[in-house]
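Colleague: Before I ask anything, let me first share the structure, which is written out below as C-alpha cells.
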There are 2 protein chains.
Amino acid sequence: MTKHLESDLDQLQRDVLSLAASVEEAIYKAIESLQTRDLELAQQVITGDEPIDQQENRVEEECLKILALHQPVASDLRRIATVFMINTDLERMADLAVDIAERAASMAGGPAIKVPAKLQRMTDLTTTMVRDALDAFVHLDADAARTVCRMDDEVDRCNVEIIQEIIGIMRLSPDLIEPGLSLFSATRHLERIADHATNIAEDVIYLVEGEIVRHHPEALQKR
Amino acid sequence: MTKHLESDLDQLQRDVLSLAASVEEAIYKAIESLQTRDLELAQQVITGDEPIDQQENRVEEECLKILALHQPVASDLRRIATVFMINTDLERMADLAVDIAERAASMAGGPAIKVPAKLQRMTDLTTTMVRDALDAFVHLDADAARTVCRMDDEVDRCNVEIIQEIIGIMRLSPDLIEPGLSLFSATRHLERIADHATNIAEDVIYLVEGEIVRHHPEALQKR
C-alpha cells in the first residue's frame, strides 16, 4: 500500500468514527427527550441531523475519491466497500434517532404515559452495540463483531417486554392509545437501530473472514 | 469504456432489475396476506427472503468484481456506486416485506380487524415508486426520479389516514389493540419501503446531475 493511500484510509476511518460518535449521541438524546418529555432536547436532535448528513456525505465522497485516485484492489477495496456500507447504516441510525425525537416531540404536548424502565437498558445495549461494532471494524476483530451480533438478542427481548407493557397501558386507558402508539414506534425505531449495528458487525466479519453472515445466522455460531 | 466492462455493467443492471422485480412481488404478496388473513401466503413471503438475499449478495459481489477487474473511473465508478446503494435499499425493502408478512402471520391467528381500504392505494403507489425509481436509473432520467420523490408525499398522506382509522378502531375495541398494533406496524413498514424507493430516486438524481438531494428537499423543486 502506498503511503498516500494509507494516510487517506486513516483519514476515512477517523471520519467514520467521528460520524459514529455523533450518531451515538443523537440516540441517547432522543431517548432522553422521550423519557423527560423535553421538547427542546427533541428539537436539538431533529436539527442536529443536518450536520450528521453532511458528515455522511463527506465519507461517501471520500470513498469515491479514494477509489478513483488509488484504484485499490483486494483487501483495501473490501475495506473501502465496508466503510461505504457502515456509512449507510450510520445514516439510517441517525434518521431513526430523528424519528424517535419526533415521537418524543409529539408526546410532549399530549397526556403523559409512563415510559417503561426497561427502555434505558435497551438504549444502553444499543449504543454499546454501535460503539463495539465500530471498534471491531477498527481492530478487524471478528470475535468482537460476533459478540455485537449476539447482544441483539437481548435488545429483542427488551423490545418484546416493553411492547407488552405498552399494550397493558393502552388496554387500561384508551386515552393513552395515541401516546402509546408513539412510544411503541419509538421502541421499534430503537430496535431497528440495534439491527443496523448488527449489520455493521456482520460486515466486519465478512471483511475479516470473507464469509457472508448477513443472512446466515448459523455462521455466527462457529466460535 | 471497454467492451468487456460494458457487458459486465449490462449484466449488473439486469441483475439489479431482476432483484427489484422479486422485491416488488414480495411487497404485493405481503400486503395481500395481511388483507386476506392468508397465513400460507405470509409464510411464502418469509421463506422467499432467502433467494432474494442471495440475489442481493450476488449483485454486491459483482460490483466488487467489476471494481477490482476494470478499476473504472468517473461516471462508470459512480454508476457502480449507485448500484451498490440501490442494492442496499432493495435488500432493506425485502426485509420490510418480511416484517409485514410476519405481522400478517401473527394477525391471522387472532381476532379479525378491518384493514383500511386505503392500504391498497398506498401499496399500489409504493410498488409503482419502486418500479419507476429503477426505470429512472436504467434511463438515467432525473425528471422521472423527481416524480418518484414527489409520489412519496401521497404515500405519507395515506399513511396518516390509515393510522387515524386504526386509532379509531383501537379506541372503540380495546380487544383489537394487539392486532391494531400489528396493522400499525405493517403500515409503517410499507411507508418505510416507499422511503427506500425515494432514496433510490435521490441516488439517481445524484448520478445524473451530480447533485446530492438526499438530504436537501429544496433541490427537488428545481424543475
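Colleague: How about the range B:130-197: which trypsin sites (Lys or Arg not before Pro) there are in a DSSP loop, with at most 11 other Cβ atoms within 10 Å of their Cβ?
Modeller: none
Colleague: List B:158, B:63 from most exposed to least, where exposure is judged by having the fewest other Cβ atoms within 10 Å.
Modeller: Result, fewest neighbours first: B:63, B:158.
Colleague: Cα convex hull of chain A: how many Å³ per residue?
Modeller: Measuring per residue, one finds 106 Å³ for the Cα hull of chain A.
Colleague: How many nanometers, to one decimal and shortest first, lie between the label point of residue A:164 and those of its other copies, if labels sit 7 Å from Cα toward Cβ?
Modeller: Distances to the matching label points in the other copies: 3.5 nm.
Colleague: May I have the pair-distance distribution P(r) for the protein assembly as shown, computed from all Cα-Cα distances with 20 Å bins from 0 and rounded to whole percent?
Modeller: With 20 Å bins starting at 0, P(r) equals 25, 60, 15, 0.
Colleague: Here is a further query. Find, among the residues of chain B, the one whose Cβ sits nearest the axis of the rotation taking B to A; state the distance in whole Å.
Modeller: Per the B/A rotation axis, the closest residue of B reads B:71, 2.
Colleague: Mind checking the dipole of chain A: about its Cα centre, +1 per Lys or Arg Cβ, -1 per Asp or Glu Cβ, Debye to the nearest 20? Write out the running numbers ahead of the final one.
Modeller: Numbers: 23 positive and 42 negative charges, 97 e Å.
Using only the charged Cβ atoms, the result is roughly 460 debye.
Colleague: With 10 angstrom as the radius, rank B:182, B:173, A:7 by how many other C-beta atoms surround their C-beta, starting from the fewest.
Modeller: By the 10 Å Cβ count, ascending, the order reads A:7, B:173, B:182.
Colleague: Another one. Between copies, how close do the residue A:128 label points come, placed 7 Å along Cα→Cβ, listed in nm from shortest?
Modeller: Listed shortest first, these distances are 4.8 nm.
Colleague: State, as an integer percentage, the relative contact order of chain B based on alpha-carbon contacts under 8 Å between residues 6 or more apart.
Modeller: 25 percent
Colleague: When N is the residue count of the range B:100-161, what does its C-alpha Rg come to as a fraction of 2.2 N^0.38 Å?
Modeller: This ratio for the range B:100-161 stands at 1.44.
Colleague: Using helices alone, what [θ] at 222 nm do you get for chain B, with -39,500 (n - 2.57) per DSSP H run of 4 or more residues, divided over all residues and rounded to the nearest 500?
Modeller: The helix contribution divided over chain B gives -29500 deg cm²/dmol.
Colleague: I need the Debye-formula profile for the range A:17-77: one equal scatterer per C-alpha, no solvent, reported as log10 I(q)/I(0) at q = 0.25 1/Å, two decimals.
Modeller: After summing over all Cα pairs, the log10 values are -0.97.
Colleague: Taking a point 7 Å out from Cα toward Cβ as the label site, list the nm distances between residue A:139 and the same residue in every other copy, smallest first.
Modeller: 5.3
Colleague: Still on this model: Could you give the alpha-carbon Rg of the range A:37-123 over 2.2 N^0.38 Å, rounded to two decimals?
Modeller: Dividing the Cα radius of gyration by 2.2 N^0.38 Å gives 1.52.
Each value in this text was obtained by applying a stated rule to the coordinates, not by laboratory testing. Every value quoted in this text rests on a predicted model; they were computed, and no experiment measured them. So basically every Cβ, Gly included, is an ideal-geometry build from the backbone, and we count neighbours across all protein chains shown.
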